[in-house]
Each structure stands twice: as structure tokens, then as C-alpha cells.
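Comments concern the structure below.
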Amino acid sequence: MRSIIKYLILLLCFGPMSAFSQNLSKENISTGRGDLLQSAHSHAPIYVPECSSPQATIKSFNELAKAVGDVFKGGDYYGDVDWTQEQQLIALYGKMDYLMNTDSLAEDDRYAQINIIISQLVEILDRIETPEIESIPSAHELPEGVEYWQLPRTEISLEQLQEGPRKGDWVFSKHTMHQMDDLYARVETLPYRTDAIVGDINVDGGLLDNYIAFTGPLIPVDFTKKIPRVLRVKLFGDPIWKYLATLITLMFLGAIYWLVRFLTRFRQDKYDSPNHIGMQFRRLTLPLFMMLLLPLTINLITVDIRLRILPLAITDDILWLAFYFTAFWLSVCVANVISAIIIASPKISPFGLDASLVRLSCRLVAYLVGVWILVEGMQRLGLSLVPLIAGVSVGGLAFALAARPTLGNILGGVLIFADRPFKVGERVVINKHDGVVEEIGLRSTRIRTLDGHLLTVPNEEVSSSYVENIGQRPHVKRLLNVTLTYDTSPEKIKEAMDIIKQLLSEDEDGGKTAEDLGRPSNRHVNSGDFPPRVYFNDLNADSLNIMVIYWFTPADYFDYLAHATWFNLELIGRFNAAGIDFAFPTQTIELKQNESGPSTQPNTSDA
């Protein structure tokens, strides 16, 4: 991704390299350096510096460094260069890159770091004593088998490439590249030599300061020339305008993030089903948009603005880590979209266990892809995974102990998917929690209680508890005790039972439908296996008991209640019309008078 963006910027902003040579400003370059620039540009991009020996490599590096310095000297008082000079700098730095062994630089950091490293190396060579070019070994002066050469009295070294298409070329070593920040910090305060390669260029200082002050291709030169003098004052080594430009860039990125989030997140989303395809596509928009915007922001801050309040490598790494985490986020959103599309199939119930299994499988794949993206991204940034792996192995026992509840919940989720004791949308009772299952996840199960509260139950608790699945009952059973007074005659008791049987019979409907009756019909309580049952079953202490049992099918609770309401009202009306009295608990107290006087012992009986 980074390489694509870089090449697009170079192609769109600068055009073909061959066009650079035609606009070369020769009046600002000395004759010797002009020949070098003309050679570099007229043969670009096939021109390569000579690097067949340590002498040839250092000579090519010095000549290219002088040419870069001449370009900066051709700028204005503050080092601002015009469009043609900007093109020359890109070409020259690209040729100096050819003389470096950049294998130790992370792929994503390389483009942001290499020109800084080159500028630091020029600054170092301008401040320390170096041998004459003629004293550095050439190709025919090198002993047989020598693969490494160190600049005398320095830690700067060159090495010969031993493999690949450039085998035999001499370049500045990986070790030198790796310790360049430290080397530059040790010589930064030293004065320039009188015969320095570049030395002081202008008010901005030497080559490194000018490169940092120089802006990249996305910021026009005409814009930097109009920056007020007060904003060019340096703070911690950078002009103030760079801090403001970086802050504005980040604020702009944040504003776009919140704007896209506002436009794609609706208030009702939190009430919608996760199977809602439109909602999942809207949620995909934000990470996708940030995936496109973050590389441009990274390029603008690290390549064009070049703010160095932190080392450029750290700034670049932080922004690219944000990019890789956004890619992780995007993979999860894509998985949600895919699962919603699959669940939309008529073969899958959106509230069934299969739908939960599809969502879980898609998320597991997304997490695996996301972890792979993060690992690959850290490797591209040059972050070693060896300490992480070692830390995991050393702390494995502690992690296992700490993660035991989580692992138990995950295992419980697997058991739920295997055993399938309930499905999404069914009403269950788990540990006295009564509600409708909304989601079966990898770690927990979510239940919407009858009060409307959302309850999250760990899967380990669900798998180890008694689960009453009300949603899978085939019918709703009603057990009703109709009590009559003790003065009810046997004939009236039989009449009462006949009234109840009539009320529960299909004849009571008269062949009408539920729409005509305005209530659920009696066919719901007259299924073949479970007809209504009416018995005179008990003589209670205060009543005669008629037991009524019937089963309402299917188990629609609110239809059951509607039918029970009609039955109760009809029963009361018909008992009143037949002169049959309902019994209720009563107690009769009789006081008997003895011959010797009033009795103080009451004789009680229930009636």
C-alpha cells in the first residue's frame, strides 16, 4: 500500500523522470556538479552510481551530496526550492539510496527514513577527518576475499553485497545504517571542516536541516514561500508552522472520522438485529474510509511536513500501527456483512442457532485474519516478535490461570452449539432468569428478560445449569379448580360439569372462525392427543372441587390468555344463570350455652 501511494504521488505530481532533466536549472550549479546532475537526469531511471569498490562508492556519494547541496543553495533565503529543484532533489536522493544497504530498515519505514539517514551521513562526513579519495582502496587494490571495509578512525563501514543481482557492489553497511542516529548525535555539535562536502547552506543550516525544512511533493513550494517569518521560528529544531500543519492535519482527520461516523451510525442501530444488512454495510463505511485516508495522512506528516518532535521512525510507526489496527477493524466489519448476507438466505432462520453459528464462524475467521494483519504489519515495521513470543512462553502459566474463566466460557459456548439446548428467539429460564434469547456468543449468552432488561449470562454458567426451554413447549397447560358450595345438589354438580365441557367443546364455536368469534376458537384446546378433562375430584374442607385441565395448542401465550379470559367470563355467566354458586373459604362459629352457664368454649365449623 505504501509503495503504491508513493509511486502514484511521484507519477501524478512529478511526471516522468526524463522530464526532470529538461527543466534543470544550470545557473545555480557549478560546472562539475552540473555535469553530474545532467548525467543523473539524462539517463534516469537507468543511471546508477559507480560502486564497484569502497573508493568508487564514497566518491559517488560525495559527488551526489555536493549536487544535493547545490540544489538547496539555489533556493531562497529560507531554503525554499522551486518545482524544478524539488524534482532534482527527489532524483538525487534516489541515486544516493542506491549506495546504502537498507535491509535493516523496515519496509514501511524505509521511505520515511532513508533520506534522513543519507543527510545525517553527509553531516557526519562534513564534520570528521576523512582520508583522501585516492587513499581509499579501489577495485584492483582490494585484497582477494575482502568483503568489509571500515573508514579509518571511524565506525562508518562499507560492505560488499554477496548475493542478488547486485553481487559485488560496495555499499554503506547495515550496521552503519542502524547506528546512524547515535553517530550523528555524537558529532552534531562539531564544526564543519573547511573542505566539507556541503557544509553550511543557508539560514537553515546544513544538509540535514535543509532537508527537514524542505517539504514534500504534496505541499506546493508557492505555499511555503508565503509562510510568515514568525511561523518560521524554530521550536525544538522544527519551524512553528510544521507543528501547526501537523495539528491541523490530525484535527482534519479526526473531524472526517466523526463526520463519517455521524452519517453512518443511526440511533436505531442499537435496537436493530445484527442480521440487518443495511446496518452492517453502514458500519463498514467508516473503517474502509479510514483505511484510504490514513496512508495519505501518514505520507503528508512523515514525507511532506516532516515534523521531528519525535524521531521520524517513531512517528511513522505510530501512524502505521493505527493503520493496521484499522485493517483489523475492517476485517471484523467485513465478517459481519458476510454473516448478515448468509443469514438473509431463506434457508436459515435469523433467530435460530444456525444464524448464531454463522456469525460466530465469520467472527473467528475475522479475528484470525486481523491477528495475521497485525503480525505482518509489525514485521513490516521492523518490530521483533521474538520478545513477544518469549514473554508468552514465560508467562504462559500465569496467562492460563488468569484466562481460565474466559476459556471456560468459550468451552461452554462450544458445548451450547454442540448440544443446542435452545435457539435465538426462544424463551428460556436459566437460574431463575426468565427471558428471550437474543444472542449466543462465544463467551456469553444474552437474554432479554420479560421486564425488558438485557441480561448477559456467561456460557460456563449456562452449560452447567438447568435450562428450562419454554419456547419449545408444544402447548400451554391450564389446571383450574372450580369450587362449589356444599349445599350444591348432585344434579347441579353434573350440570356444572356439563357447562364446562360445553364451553370447551368445538360445538360451542358453531363452526365459526376465530375472526367471526372475536377470540381463539376451541379447536386450540381439542387436539387429538390432549382433549379437555373435567372431573369432580375432591371434597375440600370448605368446598366441592371440580378439576378442569386443558391444553392450548400452539403455545402462543397471549392467545392462550385471550381464550382463558373468554372462558372465565362465560363460566361465571352460565353458572349464575343456572343458579350454581361458587364456594369461597368461610368459617361458622357456634356458641352453645351449658346448664351451668354460658360456655366459654366456642364450637367452630367450616362451611
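The values are calculated or read from the model by the stated rules, or taken from the named source; none is laboratory data. Quick caveat: nothing in here was measured; it's all calculated off a predicted structure. In this analysis, Cβ positions are derived from the backbone assuming ideal geometry, glycine residues included, and neighbour counts consider all displayed protein chains. Keep in mind that these areas ignore ligands, DNA and RNA; they rest on the heavy atoms of the full protein, side chains included. Shrake-Rupley method; radii C 1.70, N 1.55, O 1.52, S 1.80 Å.
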(request) Test Leu411 against the criterion of being hydrophobic (A, V, I, L, M, F, W, C), within 30 Å of Val358 (Cβ to Cβ), open to solvent by 80 Å² or more (accessible area, probe 1.4 Å) and at pLDDT 80 or above, and give yes or no. (result) no
(request) Working only within the stretch 498-549, note down all residues that are under 13 Å from His563 (Cα atoms) and among the basic types (Lys, Arg). (result) Arg519, Arg523
(message) With the requirement that a residue be of a type in the set (A, V, I, L, M, F, W, C) and outside any strand (DSSP E or B), what does the stretch 480-510 give you?
(response) Ile493, Ala496, Met497, Ile499, Ile500, Leu503, Leu504
(request) Name every residue in the stretch 521-559 that is under 16 Å from Glu508 (Cα atoms) and in a loop (DSSP other than H, G, I, E, B), in order of residue number. (result) Ser521, Asn526, Ser527, Pro531, Pro532
(request) Would you mention how many residues in the stretch 292-307 are out of contact with any Phe, Trp or Tyr (no Cβ under 7 Å at 6 or more places or on another chain) and closer than 22 Å to Ala335 by Cα? (result) 2
(message) Anything in the stretch 434-451 that is free of Cβ contacts under 8 Å to residues at least 60 places away in the same chain and surrounded by 15 or more Cβ atoms within 10 Å (Cβ to Cβ)? List them, or say none.
(response) Asp434, Gly435, Val436, Val437, Glu438, Arg443, Ser444, Thr445, Arg446, Ile447, Arg448
(request) Check off (1) farther than 30 Å from Asp419 by Cα; (2) modelled with pLDDT under 70; (3) surrounded by 14 or more Cβ atoms within 10 Å (Cβ to Cβ) for Leu353 and give me the number that stays unchecked. (result) (1)
(message) Just to be sure before I move on: is Gly370 farther than 30 Å from Thr449 by Cβ, modelled with pLDDT under 75 and not hydrophobic (A, V, I, L, M, F, W, C) in the structure I sent?
(response) no
(request) Please verify whether the stretch 581-593 includes one or more residues that are of a type in the set (D, E, K, R), under 17 Å from Ile493 (Cβ atoms) and at pLDDT below 95. (result) yes
(message) Just to be sure before I move on: is Lys477 of a type in the set (Lys, Arg), exposed (fewer than 15 other Cβ atoms within 10 Å of the Cβ) and either assigned to a loop (DSSP other than H, G, I, E, B) or in contact (Cβ under 8 Å) with a residue 24 or more places away in the chain (or both) in the structure I sent?
(response) yes
(message) Looking at the stretch 247-275 only, could you name the residues that are of a type in the set (Ser, Thr, Tyr) and either modelled with pLDDT under 75 or part of a loop (DSSP other than H, G, I, E, B) (or both)?
(response) Tyr271, Ser273
(message) Looking only at residues that are of a type in the set (A, V, I, L, M, F, W, C) and in a loop (DSSP other than H, G, I, E, B) in the stretch 92-115, which one is modelled with the lowest pLDDT?
(response) Ala106
(request) Quick one: which residue in Val203, Val198 is open to solvent by 20 Å² or more (accessible area, probe 1.4 Å), aliphatic (A, V, I, L, M) and either at pLDDT below 75 or closer than 28 Å to Ser104 by Cα (or both)? (result) Val203
(message) Out of Leu397, Leu388, Leu454, I need the residue that is at pLDDT 75 or above, open to solvent by 70 Å² or more (accessible area, probe 1.4 Å) and not hydroxyl-bearing (Ser, Thr, Tyr). Which one?
(response) Leu454
(message) With the requirement that a residue be under 48 Å from the mean Cα position of the chain (by Cα) and exposed (fewer than 14 other Cβ atoms within 10 Å of the Cβ), what does the stretch 538-558 give you?
(response) Pro554, Tyr557, Phe558
(request) Could you tell me whether Ala322 is at pLDDT 75 or above and surrounded by fewer than 20 Cβ atoms within 10 Å (Cβ to Cβ)? (result) yes
(message) Whether any residue in the stretch 154-177 is open to solvent by 50 Å² or more (accessible area, probe 1.4 Å), of a type in the set (Ser, Thr, Tyr) and touching a residue at least 12 places away in the same chain (Cβ under 8 Å) is what I want to check.
(response) no
(request) Could you check, for the stretch 116-137, whether at least one of its residues is modelled with pLDDT under 80, assigned to a helix (DSSP H, G or I) and surrounded by 18 or more Cβ atoms within 10 Å (Cβ to Cβ)? (result) no
